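First up is the structure itself, then whatever we jot down about it.
The values are calculated or read from the model by the stated rules, or taken from the named source; none is laboratory data. Note that the structure is predicted; figures quoted are calculated from it, not measured. Heads up, the Cβs are rebuilt from the backbone with ideal geometry, glycines too, and the neighbour counts pull from every protein chain shown.
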Amino acid sequence: MNRAVRAAATLCLLLAAPAARAQPPAQTAPEPANLRGESAQTRKRLLEIEQKILAGKHADAADELQRVLDESGSDLILVGANQARPARWFAHQLLAKLPGDTLKAYQDRIDQPAKQLLAQAKQARDPRPLYQLQDRYFVSRPADEALLLLGDLLFERGEFRAAEDSWRRLLPAGGADVTYPNSKADHALVWARVVLAAIFAGDTPRAKIEFDAFKAKHATATGTLAGKTGPLADTLRTFLSAPPKLASESPSRSWATYGGGPERTGRVAGGLPRFESSVPWKQITIEPKGGHPPARPPLGHPVITNGEVFVADSSRVFGFDLRTGTRTREVALDPNVSPPNNNQTNPPPDSCCSLTAADGLLYARFGPPIVRAPLNANKTNESFLCCLRPEGRDLKIAWKLAPPEDPKVPAAWEGAPIVVGKRLWAVYAKFEGGRVIHVAVGYDPIDGNAEPQRPAWATELCDSAPSVTSNARQELLTLAGRHLVFCSNSGAVVAVDSHTGQRSWAYRYPRARKSASASSDPSPAVAFDGRVFVAPADGERVYALDARTGQLVWESGPTEGARIVGVARGRLIVSVSGPLRSLRALALDTGSHRREDGGWVLGGSGTLPYGQGFVTDDIIVWPSHHGLYFLQPEGGLLPPGRPNPWQAPLPHFLARYFGNLAYADGVLVVVTPTQVWFYRAESTKIVPRPDSTPRDRFDWIVERAERQFAAGDRPAAIAALAQVATGGLPAPMRAWAAARLLQWSPQVTSRDQLAREVQDALRPELVNEWVIAPDGLPVTLGDFLQKRLGRTPVRAFPPALVLATKSCTPDLTPESEFAHTQKLPTEVSPLPAMSGEPGPPKHIFAAGLQKIIAIPLDRGAESEHVAVDLFTHASDVRDGFVAAGPRAVALYGAARDPIWVFRLPATERLPNGPLPIRVLTEGPTPVPDLSSFVLSGSWLFARIGEHHLVALDLQARRVVWVLGATGRNGYESLAFASTPRFGPHFAVTEKYIIAQLSDGRRWFIKLETGRPAAQPVLGERTARVNWPHAPATLSENQLALADGPGLVRLVSLGGRVRWAYEVEHEDGLAGEPPQVRSWGNSVLIAVRRNYGVDIECVDATTGKPVWNDPAFADAFRIDLFASAADAAHVYVPAENTLLGISLDTGKTEWTANLPGLPDTTWTVRAGKSCVIAYPTRAIPRESMDTVLARVTRSFRAEPLVWRLPGLASTLYDAWVDRTLPVLLLDPKTGKRIGRYEIPARGPAVRAWFDADTAVFATGDRVVWLK
């Protein structure tokens, strides 16, 4: 390094140092919670004992280990940085390593109490004594049989993963945390039990792996398993090939607590039926001045029990009849605690209070909503747990319970307790030494008559610093098998034994740098299938822990602000309100949100939750800031039926907010900040109403058929669908029913082999009707039949790139004359050509509601064809033409009728398996419009609505692919509110389609497959505002992309950036992407500003500006694609002015006024001897405003009803009576040298230019100028 460079570097460091010191320090994560019971001393003792074993002092080690079990067995020992387990399990691990003689002597000491516990368990078939046995006497001889019995009992209760864990402890290589020494159990039979548990748990992939490993080692083992005696591998293979179907869950009759039950899984048993209406049949106001969402949270979390709904705030409980919606009960829990005063200038924080219902009793926590040290020094306990007993129309307070703490120690209960049978568990916070200490307590037994005197046990869980914010969240316990799990939302998750209160495990997670979520909603752990899932309010990830050991199974990617909605279809449904806000599903086995791993993230971002929803195996019910959504757990798709989302019965923006949900006994309950709403399910008996619409009848019959098919009544199901297919319903519905019948039919190779009912359903008039196949691709019923018969469809070949033909320079002069005129029928109007039309056009097309006319440009005989729909575009293709409109695309040949018609069906996608649940149908699902048509060879590309692109092969006459803006292939009839949308403009090249999404991404989509291709060098980001035009093609492999308000980049199709142009001054940019158009080696860029439009010319090779200063157009907006250029000038229409700009200097050399109304837009062509200008829409002879004013004055002067038809005719004539002025201007001066007036009817205009001919088409006529 030379001296000058060293000096410069030193100076930079000196200058940077003060700035670095001035910057605020990086925000650090809050202090994590301390684990109560964690003992470094006990850990040290265990390490010393291990050294004794290694030194051969086995007897001393056994004595020491027994003392650890007696004195410190519940002390927590850290395993790594985050996990802690009780010392007793480390002691058992060491005891299992003792040599045979020492172990035998130790077993002699402990076998007797172990035998007694085993006998109790055998007699009562109760696992609790077995848990005590393995905790205290794991290496005893009776423990061998106890572990086997414990697994059997858990298997009988449906706790398959817990059973598997128990059996694995008997296997030397079972992968358990601790292995029983020298087990005498039949290892082959135990391993077979493990495989069987995986099969019954529905984990087929893992079961197959376990089975293969079992078969490799015990291929010939025999025994009795699952009631069958014989080779164990054969028994397991039978179950594996046909996994058992467990009994379906009974429909939910109650919703007992937050999350539906003590496990907090948020699951509704038995699924969800259809609902009568998206409007609640009952609305009850609780708190008239409760505030409005989203600033105010819902009042509380409801519970449903014994046909009643209960909801509470911090001081009151309200009861409602589930069937009638009438208020049944109300009780003020404590007269000393007044109801919330929402008129205060600074109201206290809201608390979403929870309740618990059990055995006809109600349990609530009441007191100040914020869990903190009491403000009144003389009143150390301000909160109570309360047991309420319904009596008549009243709720009687059976007892109140203060935290079981020394009166001198301030304490406060957290949320509502868990109650199962005669046992109650709760958690409270006590405040000592500037710390918040959470304590779990268990009461056993309890009842509704007498207040519990003292807890059966109390265990301190963790302690943390007091929160610096006023958070009204009340923490809850979760029951996970034999364990109670507490997520502190302050850095720790702690589990204790529900029977004894002994600590079972603990896990410390990293806290977020930001403070915990300000939400007042609880964020408890969720227990499911041997796992504990936590989404801490103060964390940045979701964690899955082993329910028995607390070992980390997985952690998710960043999900700050996550809250668990429930568990459905092998996925953890999580609502995220942080920076990555969305609803997402995490695979239960891996925690991945990637679709290929079984997870998903709802399309788009920006949707926040409002309230707590629930799940079933078929549906997710999620209240959001956009309404109440119903989604499918498998992929996050919206199921059939509408509306989705539901809107609330509130005015304006408030209609988007629902609240906390509960469902039971056929009624959906919603609790808002001020009201309770009731939504009633339909009767399970499907009976069409007399006034039902065709869609209603279709839905009812199909649903009945699906139920019959699922129940095994195939003949009745097939007969019902055959009735739809052959009845009087609309053809798309009949085609869907016929296609569904084909799905239910066995695979055959000939149509004659199909059942007679199916053959009859395949009517000739339905063969060309369209349905959505299970893969989301629209197909005709005929093509769907061919595929079911095993016949391969015609292969679609990518279109050959047809380069745009160079436009010729017209030789129109003032001396040109009308060479030919052809009048058009009054009912047709000229159609514009599609972008990308291959080759020079051969026809001008005009269409109406009933016919489409093809007029040859060479003045040959016109042809008339049947218009099967309303068309907006038409272009010539090989051997015919294609017409397209919002509802259909039709391919025509020489015949009057079209050869092929594509329509997007109004029916939903055919399912791959059972029909997805339809929550509600209020009217038909709207079919989105087709638009943005682009031709490329024999392929036609278009937008379906705003959320899909479609590729049609006109030669093969089929749909090649459909791509959604979510990145998924296939058409989805409903889209989530925040799902991105495709922009209206896209470019088609030889290999890619370049499209823009509304969230500011740009996709390179593979032409053959319709899948987005990554462009790592270029990236995905582009302008967030819609491109004004499709990206301009500068050469065969280069495109100009408008990637920002003042940014244009020239890229190759491989993703390499050739050059980038960015405006020098950003002041006044209007925010729109620039327009780009090339003429030869010149590229014009139009940048819109608040005061006009700058026009810059850059070199096509380097991107460097050619002009010293941009040209300026004093117009709100211009259109470069309506401009023209010759060797000397570029001609730009700017509203009613035409600019002649020098291509060499960028100076405006002349301007010319253009006639017409202020909003008239013009198109320009540069001819050989003149500039041709004509309006893009025919100009009214009189302004519509002028005619309307005249008609109004005339009617006021003589207000006679019989005059109305004549006045309406006057208005119609004003709309249709127009003219198309064609102006010829001198290219050097801009002076007008000629003008032609062409009569027009309506606004439509089409123009075509040849070397010596100009053709103009209006709604009145087509004229040829020569």
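Under the condition of being buried (at least 18 other Cβ atoms within 10 Å of the Cβ) and farther than 13 Å from P142 by Cβ, the residues counted in the stretch 104-131 number 3. For the stretch 1020-1031, the count of residues that are at pLDDT 90 or above, part of a strand (DSSP E or B) and of a type outside the set (D, E, K, R) is zero. Considering the stretch 61-78, and only residues there that are within 10 Å of R45 (Cβ to Cβ) and out of contact with any helix residue (DSSP H, G or I) (no Cβ under 7 Å at 6 or more places or on another chain), the residue that is surrounded by the fewest Cβ atoms within 10 Å (Cβ to Cβ) turns out to be E71. The residue list V919, V901 contains one member that is touching a residue at least 24 places away in the same chain (Cβ under 8 Å) and either outside any loop (DSSP other than H, G, I, E, B) or more than 29 Å from E634 (Cβ to Cβ) (or both), which is V901.
Of the strands (runs of 3 or more DSSP E) entirely within the stretch 941-1017, those holding at least 1 residues that are buried (at least 19 other Cβ atoms within 10 Å of the Cβ), polar (S, T, N, Q) and out of contact with any Asp or Glu (no Cβ under 8 Å at 6 or more places or on another chain) occupy 992-997.
Assessment of the stretch 26-41 against the conditions (surrounded by 10 or more Cβ atoms within 10 Å (Cβ to Cβ), hydroxyl-bearing (S, T, Y) and modelled with pLDDT under 95) yields at least one matching residue.
Exactly one residue among K57, K115 is at pLDDT 95 or above and farther than 20 Å from Q502 by Cβ, and that residue is K115. Within the stretch 1050-1069, residues that are in contact (Cβ under 8 Å) with a residue 12 or more places away in the chain reach partners that are basic (K, R) and surrounded by 12 or more Cβ atoms within 10 Å (Cβ to Cβ) with beta carbons closer than 7 Å, at six or more positions or on different chains, in the pairs L1050/R1058; V1051/R1058; S1052/R1058; L1053/K991; V1057/R1049; A1060/R1049; G1068/R1089; L1069/R1089.
What's the total number of residues in the stretch 1018-1043 that are of a type in the set (D, E, K, R) and either more than 22 Å from N969 (Cα to Cα) or crowded, with 20+ Cβ neighbours inside 10 Å (or both)? Of the residues in that region, 3 qualify. Cβ-Cβ distances below 6 Å connect the following pairs, each with a first residue in the stretch 628-654 that is in a strand (DSSP E or B), a second residue that is crowded, with 21+ Cβ neighbours inside 10 Å and modelled with pLDDT under 85, and a separation of six or more residues or different chains: F630/V919.
Residues that are within 56 Å of the chain's Cα centre (by Cα), of a type in the set (D, E, K, R) and at pLDDT 65 or above do occur in the stretch 1207-1223, at least one of them. Here the stretch 1127-1185 is the region considered, the condition is being of a type in the set (D, E) and more than 52 Å from the chain's Cα centre (by Cα), and the residue that is nearest to T1229 (Cα to Cα) is E1149.
Residues that are modelled with pLDDT of 95 or more, closer than 18 Å to W1248 by Cα and aliphatic (A, V, I, L, M) within the stretch 858-881 comprise just one, A874.
Of the strands (runs of 3 or more DSSP E) lying entirely inside the stretch 823-891, those carrying at least 1 residues that are in contact with a strand residue (DSSP E or B) (Cβ under 7 Å, 6 or more places away or on another chain) and of a type in the set (D, E, K, R) are 851-856, 863-866, 873-877. A1115 passes every criterion in (1) among the small types (G, A, S); (2) surrounded by 18 or more Cβ atoms within 10 Å (Cβ to Cβ); (3) without any contact (Cβ under 8 Å) to a residue 40 or more places away in the chain apart from (2). Take the stretch 1056-1093 and flag every residue that is outside any strand (DSSP E or B), more than 14 Å from D1119 (Cα to Cα) and touching a strand residue (DSSP E or B) at 6+ places or on another chain (Cβ under 6 Å). Hits for the stretch 1056-1093 are V1063, G1068, A1070.
Okay, residues lined up against (1) among the small types (G, A, S); (2) surrounded by fewer than 19 Cβ atoms within 10 Å (Cβ to Cβ); (3) in contact with a Gly (Cβ under 6 Å, 6 or more places away or on another chain); (4) more than 25 Å from Q822 (Cα to Cα):
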site: Q850; (1), (2), (3), (4): no, yes, no, no
site: P856; (1), (2), (3), (4): no, yes, no, no
site: V877; (1), (2), (3), (4): no, no, no, no
site: A895; (1), (2), (3), (4): yes, yes, no, no
site: I917; (1), (2), (3), (4): no, no, no, yes
site: S931; (1), (2), (3), (4): yes, yes, no, yes
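Among residues of the stretch 1239-1265 that are at positive phi, those with a beta-carbon under 9 Å from a residue that is modelled with pLDDT under 90 and crowded, with 20+ Cβ neighbours inside 10 Å at least six positions away or on a different chain give the pairs G1242/R1218.
Per the listing G271, G260, G230, the residue uniquely surrounded by fewer than 20 Cβ atoms within 10 Å (Cβ to Cβ) and not in a strand (DSSP E or B) is G271. Taking the criterion of being of a type in the set (D, E, K, R) and free of Cβ contacts under 8 Å to residues at least 24 places away in the same chain, the only residue of the stretch 383-395 that qualifies is E391.
For every residue, the table says whether it meets (1) buried (at least 19 other Cβ atoms within 10 Å of the Cβ); (2) over 47 Å from the mean Cα position of the chain (by Cα); (3) outside the structural domain of V532 (by TED's automatic domain parsing); (4) not basic (K, R).
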site: L94; (1), (2), (3), (4): yes, yes, yes, yes
site: L98; (1), (2), (3), (4): yes, yes, yes, yes
site: D101; (1), (2), (3), (4): no, yes, yes, yes
site: R141; (1), (2), (3), (4): no, yes, yes, no
site: R161; (1), (2), (3), (4): yes, no, yes, no
site: R169; (1), (2), (3), (4): yes, no, yes, no
site: H187; (1), (2), (3), (4): no, no, yes, yes
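Listed by position, the strands (runs of 3 or more DSSP E) inside the stretch 555-597 whose residues that are over 21 Å from T979 (Cα atoms) and in the same structural domain as Q612 (by TED's automatic domain parsing) number at least 3 are 562-568. Run R958 past the list (1) free of Cβ contacts under 8 Å to residues at least 24 places away in the same chain; (2) within 17 Å of V779 (Cα to Cα); (3) not hydrophobic (A, V, I, L, M, F, W, C) and report the number of the one that doesn't hold. Here R958 meets the rest and fails (1). I'm trying to understand the selection: among the residues of the stretch 313-327, which are crowded, with 19+ Cβ neighbours inside 10 Å and either modelled with pLDDT of 90 or more or in contact with a His (Cβ under 7 Å, 6 or more places away or on another chain) (or both)? Once the filter is applied, which keeps residues that are crowded, with 19+ Cβ neighbours inside 10 Å and either modelled with pLDDT of 90 or more or in contact with a His (Cβ under 7 Å, 6 or more places away or on another chain) (or both), the stretch 313-327 yields V317, F318, G319, F320, L322, G325. Just checking, does the stretch 472-488 include any residue being closer than 18 Å to A544 by Cα, aliphatic (A, V, I, L, M) and surrounded by fewer than 22 Cβ atoms within 10 Å (Cβ to Cβ)? Yes, the stretch 472-488 has at least one match.
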